[in-house]
Amino acid sequence: MSAPTRAWLLPSVPRAIRFAFLGVCAAVLAYATLVWQPSAPPAVEAASPVESTVAVPKVDAKILAGASDATREQRLLLEAEPLRHLLTLAIDVGPTVAAALGMPEQPLAVSELRESTNALRGRWLFYEGVLEDLTGPREGHPIRGYAIYEATIGLPDGDRVMATFSLPPDSAIQRGSWVRIEGFFLKLRDTTYGQPSSKAPLLVGREIQRDYEDWGPVLRLDPAILDKVEDSSFQPGDKTWHTIEEDQTEALWHLGAFVRDTSSQRTLADWRRIDALNANDTHRALVDNRVARGSPMRVFGTLIRRSTVTAPSNPAGIKSWTVVWVQVREFGGRLVPIWVPKRVRDLPLRAQLEVRGFYYRWFAYEAQNGDRHRVPLFVAADLDLYQLDVDKTMRQLGIWLALAATSMVVVFWWLQRRAVRQSLAHSHDLDARRRRRRERAAAGTSSGGPASSP
């Protein structure tokens, strides 16, 4: 007689409870695979500020109070002490400091300036227009080695603005050039020489800048412009050592405008097919000059530092530059600079980035331990956090696992059902054997003979 088949899963638990347990397991697995979404990873703690602070000069209101412009006699006079004070402060004001001083995004209307002279005195302003008159250098500057220059600018609306500054103008700036002047507003001025002016605002700044006609969208790179970049020398002071403030050239403007204006033409899938700086053979290709300027490249690394500078006048219409330092582990742990032609959103310190940039030139810097490094410099349209693209693969894998688990549940249910049916069949067989034995025993007793053994 064969032994009875026992249930293999929790034999002491009733069958209904075992089936319910398997159903719950299948439901939990299906939910985890198809519905549940993992919570977002915790934000990276910013232990120290990523953005560097900007020190701004302090205007002495008591000294500025010595400038008067209520009458024509006062406007004809230029007070020496307030002028010297503002010339001293303005010599250290570059684009970034000017932005920190609260320079407006658009030129302030001259009529508004005339109505609020005292309230706006000492405010850093800017104007753009045609250079009508330029004089200097002359002596009297409060800082040794500098001279005083003066300019008169005609605005598009017919008003005039006067400017006093310290740095000699570029040789390309001539009468009739389109220029930009920035500076502290000192007072309203009247003049009787040259082209007479009445109540013209006087700005005291650092320099006069050449302005440019807007290029419009840049949708194609011009290799001839990028080939003007010379970065083969590693000597201090050469092109490789130039910072963002020193490298405001046509090549950088051209690449920055191209990166900005074509950022929507490549999808994430397109970028994932582009080589990364982290690859083993990329550095050798860069050293051997086998990577053309303007070539797209991905950079994976850790955000170490970020700073934003205000862009000077340029034909690309770039208002700000964000300078980012990214530490690339596969690049010997060195810092790689990324220049972005806009102000990027706030990102936490040590954030993991996937930079989708374009190679510009070699960049040299000195580390804190005194070592000098030369690394590639990239220009990118934006900064993107690194996202491991495994959602689709994991979801497909989860579906296959769910199907496999469901199949296993069905197989286990079938085996359990089979075991139960075999157990019932065995019980029925035993009952039948007992009946037949009792029937034979009863038949033998009725016939007077001995009962036969089974």
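Just so it is clear, none of the values below were taken in a lab; they were calculated from the coordinates. What you see is a predicted model; the values in this text were computed from it and never measured. Reconstructed Cβ throughout: ideal geometry from the backbone, glycine too, with neighbour counts over all protein chains shown.
Pop the C-beta distance of T53 and K319 into the FRET formula with R0 = 30 Å and round what comes out to the nearest 0.05.
Efficiency for this residue pair is about 0.90.
Among DSSP bridges having both ends in the stretch 223-380, what percentage is antiparallel? Round to the nearest 5.
Counting DSSP beta bridges with both partners in the stretch 223-380, the antiparallel share is about 90 percent.
Using the Karplus curve 6.51 cos²θ - 1.76 cosθ + 1.60 with θ = phi - 60°, what ³J(HN,Hα) values do you get for each residue of the stretch 328-345, in whole Hz, with x for Gly and Pro?
Result, ordered by residue: 10, 4, 6, 9, x, x, 6, 8, 10, x, 10, 10, 10, x, 5, 8, 7, 5 Hz.
By average Cβ neighbour count within 10 Å, what is the ranking of 429-435, 145-151, 316-322 from highest down?
For the peptides 429-435, 145-151, 316-322, the packing ranking is 316-322, 145-151, 429-435.
For the ranges 270-279, 202-211, 323-332, what's the packing order if you count other beta-carbon atoms within 10 Å of each residue, average per peptide, and put the highest first?
Result, highest mean Cβ count within 10 Å first: 202-211, 323-332, 270-279.
Extending each Cα 7 Å along its Cβ direction at A224 and Y212, get the distance between those two points in nm, one decimal.
1.6
Taking R0 as 60 Å, what's the FRET efficiency between T88 and L401 from their Cβ-Cβ distance, rounded to 0.05?
Result of the calculation: an efficiency of 0.25.
Given the stretch 135-235, what percent of its DSSP beta bridges are antiparallel, to the nearest 5?
In the stretch 135-235, DSSP labels about 85 percent of beta bridges as antiparallel.
Hey, how many Å between the Cα centroid of the stretch 161-189 and the Cα centroid of the stretch 228-252?
What the calculation gives is 27 Å, centre to centre.
Please give the peptides 282-293, 337-348, 181-192 ranked by average Cβ packing (other Cβ atoms within 10 Å per residue), highest first, as a rough proxy for protection.
My ranking of the peptides, most packed first, is 181-192, 337-348, 282-293.
For the stretch 61-210, what is the relative contact order in percent, using Cα pairs closer than 8 Å and at least 6 residues apart in sequence?
27
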